[in-house]
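I have a structure here, written as structure tokens, and I will follow up with some questions on it.
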Amino acid sequence: MKEMNFKPFSRGSEIIQQQSRLAKSIARWTEAMPLLDTPIKSLTLIRSEQLIEKSSYIQEPSVCFIAQGAKEVMLGNQKFCYDRNHFLIASVDLPVTARLTKASRSEPYLGLVLRLDQQDIAQLLIDQDFPKLARLQDNCGMAVSSVSEQLLNSFERLIELLNEPESIPILAPLLQREITYRLLISEQGALLRQIALAGSRSNQISRAIAWLKSNYSKVLRIEDLASLSGMSTSTFHHHFRSLTAMSPLQYQKWLRLHEARRLMLTERQDAATASFQVGYESPSQFSREYSRLFGAPPLRDVKNLLKDKETSLQST
């Protein structure tokens with residue numbers, strides 16, 4: 001297993017104060033709503049007072065920031081660990097499994113997710129004279145980096161805008177543009193630039209990912225996806241796996257199984273109905289692959305999820 005971990009290091013008093021203010025702001029806004037989609041476009045605040053052992057989801061193109069606590073994210077066999085001194089960045093939609101490694105009632109996990117827009121990144125690249133990349137490399141679509149005082153300050157001012165709802169339409173886009181700029185000039189700038197640059201391998205793979213997300217229930221023809229991406233089949237396979245840590249078929253399967261789980265959990269569909277709706281022709285195959293991914297057959301897994309949800313509601 002490849003581990004992308006962080007190295008502990010000391011911080012100055014000013015940045016510690018910034019982190020403390022940011023944690024207090026997130027704690028205040030999430031006191032009644034642990035998962036808060038804010039009035040600011042693309043910004044979500046998160047709170048958890050207990051460790052979460054396993055949660056799987058699509059990590060959208062975004063920057064993920066922790067004000068208090070710590071988290072571990074698995075992408076394929078790669079592990080990404082981050083805390084309040086480090087942020088996680090994802091450049092494309094990535095299927096991940098995550099767990100909180102530091103959270104409690106006295107010191108809850110407090111974090112935020114700011115989703116990134118490929119067009120905004122491309123426009124900033126047009127407006128600013130960034131140095132050309134030496135070469136377009138095959139990179140994983142996820143990375144962990146150290147938080148700078150400037151980036152922390154930008155996040156702090158963005159959250160402060162929640163106190164001025166009338167100013168959000170004007171000032172939030174400016175602050176989001178500032179955050180995008182700071183990410184582009186950071187050590188992970190090349191990761192974002194390759195997604196936005198037309199003709200780059202990462203940009204071409206992102207088109208295939210968008211197609212898979214919209215058409216996961218359809219029969220997958222690798223040749224068609226490769227053609228959509230402007231690559232040969234072998235080249236497409238190589239670059240898709242480099243970016244997502246999965247093959248296109250594994251990615252489609254992951255999307256199908258998670259959508260089936262959602263249908264059973266939120267729309268109360270039975271396993272057979274959900275499996276057919278997401279594109280499976282064999283209920284037995286669906287059950288095997290579902291158990292392999294989630295650790296239990298569909299019926300038992302959904303019952304456990306509903307039970308956990310009820311317990312969580314009772315404790316709040």
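Here is a list: 24, 71, 79, 41. Which entry is open to solvent by 80 Å² or more (accessible area, probe 1.4 Å) and touching a residue at least 40 places away in the same chain (Cβ under 8 Å)? Please lay out each step first, then the result.
Details: 24 fails: touching a residue at least 40 places away in the same chain (Cβ under 8 Å); 71 fails: open to solvent by 80 Å² or more (accessible area, probe 1.4 Å); 79 fails: open to solvent by 80 Å² or more (accessible area, probe 1.4 Å).
41 is the lone residue from the list that is open to solvent by 80 Å² or more (accessible area, probe 1.4 Å) and touching a residue at least 40 places away in the same chain (Cβ under 8 Å).
Among the strands (runs of 3 or more DSSP E) contained in segment 1-93, which hold 2 or more residues that are at pLDDT 95 or above?
Numbers: elements: 2-4, 35-37, 43-48, 55-59, 62-68, 70-75, 78-83, 86-90.
Ranges flagged: 35-37, 43-48, 62-68, 70-75, 78-83, 86-90.
A further question follows. Within segment 90-112, is even one residue of a type in the set (D, E, K, R) and open to solvent by less than 40 Å² (accessible area, probe 1.4 Å)? So that I can check it myself, show each step before the final result.
Taking segment 90-112 as the starting set, the residues that turn out to be of a type in the set (D, E, K, R) are 93, 99, 102, 105, 107.
Right, trim to open to solvent by less than 40 Å² (accessible area, probe 1.4 Å) and you get 93.
The answer is yes, given that some residue of segment 90-112 is of a type in the set (D, E, K, R) and open to solvent by less than 40 Å² (accessible area, probe 1.4 Å).
Go through (1) of a type outside the set (D, E, K, R); (2) open to solvent by less than 30 Å² (accessible area, probe 1.4 Å); (3) touching an Asp or Glu at 6+ places or on another chain (Cβ under 9 Å) for residue 225 and report which single condition fails.
Condition not satisfied by residue 225: (3).
Is one or more of the residues making up segment 248-271 surrounded by 15 or more Cβ atoms within 10 Å (Cβ to Cβ) and small (Gly, Ala, Ser)?
Yes, that holds for at least one residue.
Counting just the residues of segment 228-247 that are more than 22 Å from the chain's Cα centre (by Cα) and of a type in the set (Ser, Thr, Tyr), which one comes out least open to solvent (accessible area, probe 1.4 Å)?
Residue satisfying both the conditions and the ranking: 229.
Please indicate, with yes or no, whether at least one residue in segment 168-176 is among the small types (Gly, Ala, Ser) and free of Cβ contacts under 8 Å to residues at least 60 places away in the same chain. Spell out the reasoning first.
Our first condition is that a residue be among the small types (Gly, Ala, Ser); within segment 168-176, this holds for 172.
Subsequent filtering for residues that are free of Cβ contacts under 8 Å to residues at least 60 places away in the same chain retains none.
Within segment 168-176 (the criterion being among the small types (Gly, Ala, Ser) and free of Cβ contacts under 8 Å to residues at least 60 places away in the same chain), the answer is no, since none of the residues qualifies.
Within segment 131-140, is even one residue among the hydrophobic types (A, V, I, L, M, F, W, C) and within 16 Å of residue 181 (Cβ to Cβ)? Break it down into steps so the answer makes sense when it comes.
Going through segment 131-140, the residues among the hydrophobic types (A, V, I, L, M, F, W, C) turn out to be 133-134, 136, 140.
The next check asks that each one be within 16 Å of residue 181 (Cβ to Cβ); those that pass are none.
The answer is no; no qualifying residue exists.
Here's something else I'd like to know. Which of the helices (runs of 4 or more DSSP H) contained wholly in segment 212-277 include at least 2 residues that are in contact (Cβ under 8 Å) with a residue 40 or more places away in the chain? Give the steps one after another, and end with the answer.
On the way: elements: 222-229, 233-244, 248-266, 271-277.
Per the criteria, 233-244, 248-266.
Kindly provide the set of residues from segment 130-141 that are under 23 Å from the mean Cα position of the chain (by Cα) and either at pLDDT 95 or above or loosely packed, with under 15 Cβ neighbours inside 10 Å (or both), ordered by number.
137, 138
While we're on this one: Looking at 172, 208, can you tell me which residue is over 29 Å from residue 254 (Cβ atoms) and assigned to a helix (DSSP H, G or I)? Show your work before the answer.
Numbers: 208 fails: over 29 Å from residue 254 (Cβ atoms).
Of 172, 208, the one residue that is over 29 Å from residue 254 (Cβ atoms) and assigned to a helix (DSSP H, G or I) is 172.
For segment 153-167, check the following and say yes or no: at least one residue is over 19 Å from the mean Cα position of the chain (by Cα) and closer than 29 Å to residue 242 by Cα.
At the first step, the residues of segment 153-167 found to be over 19 Å from the mean Cα position of the chain (by Cα) are 153-154, 156-167.
Next, only the ones that are closer than 29 Å to residue 242 by Cα stay: none.
Looking for residues that are over 19 Å from the mean Cα position of the chain (by Cα) and closer than 29 Å to residue 242 by Cα, one finds none in segment 153-167, hence no.
Moving on. Just the residues that are at pLDDT 95 or above and not polar (S, T, N, Q), please, taken from segment 241-253.
Passing the criteria: 248, 249, 251, 253.
Only one of (1) in contact with a strand residue (DSSP E or B) (Cβ under 9 Å, 6 or more places away or on another chain); (2) assigned to a loop (DSSP other than H, G, I, E, B); (3) under 24 Å from residue 191 (Cα atoms) fails for residue 130. Which number is that?
Tallying (1) in contact with a strand residue (DSSP E or B) (Cβ under 9 Å, 6 or more places away or on another chain); (2) assigned to a loop (DSSP other than H, G, I, E, B); (3) under 24 Å from residue 191 (Cα atoms), residue 130 fails exactly one: (1).
Another question, if that's okay. Determine which member of the set 179, 205, 209 is open to solvent by less than 60 Å² (accessible area, probe 1.4 Å) and in contact with a His (Cβ under 7 Å, 6 or more places away or on another chain). Can you show your working first?
Details: 179 fails: in contact with a His (Cβ under 7 Å, 6 or more places away or on another chain); 209 fails: in contact with a His (Cβ under 7 Å, 6 or more places away or on another chain).
Answer to the check: 205.
Hey, could you check segment 182-202 for residues that are of a type outside the set (A, V, I, L, M, F, W, C), touching a residue at least 12 places away in the same chain (Cβ under 8 Å) and assigned to a loop (DSSP other than H, G, I, E, B) and say which is least open to solvent (accessible area, probe 1.4 Å)?
Restricting to residues being of a type outside the set (A, V, I, L, M, F, W, C), touching a residue at least 12 places away in the same chain (Cβ under 8 Å) and assigned to a loop (DSSP other than H, G, I, E, B), the top hit is 200.
Of all residues being within 26 Å of the chain's Cα centre (by Cα) and open to solvent by 60 Å² or more (accessible area, probe 1.4 Å) in segment 281-302, which is modelled with the lowest pLDDT? Just the residue, please.
Filtering first and then ranking leaves 295.
The values are calculated or read from the model by the stated rules, or taken from the named source; none is laboratory data. Keep in mind it's a predicted model, so treat the numbers as computed, not measured. As a convention, Cβ positions derive from the backbone with ideal geometry for all residues, glycine included, and neighbour counts pool all protein chains shown. Accessible surface areas use protein heavy atoms only, side chains included; no ligands, DNA or RNA. Shrake-Rupley method; radii C 1.70, N 1.55, O 1.52, S 1.80 Å.
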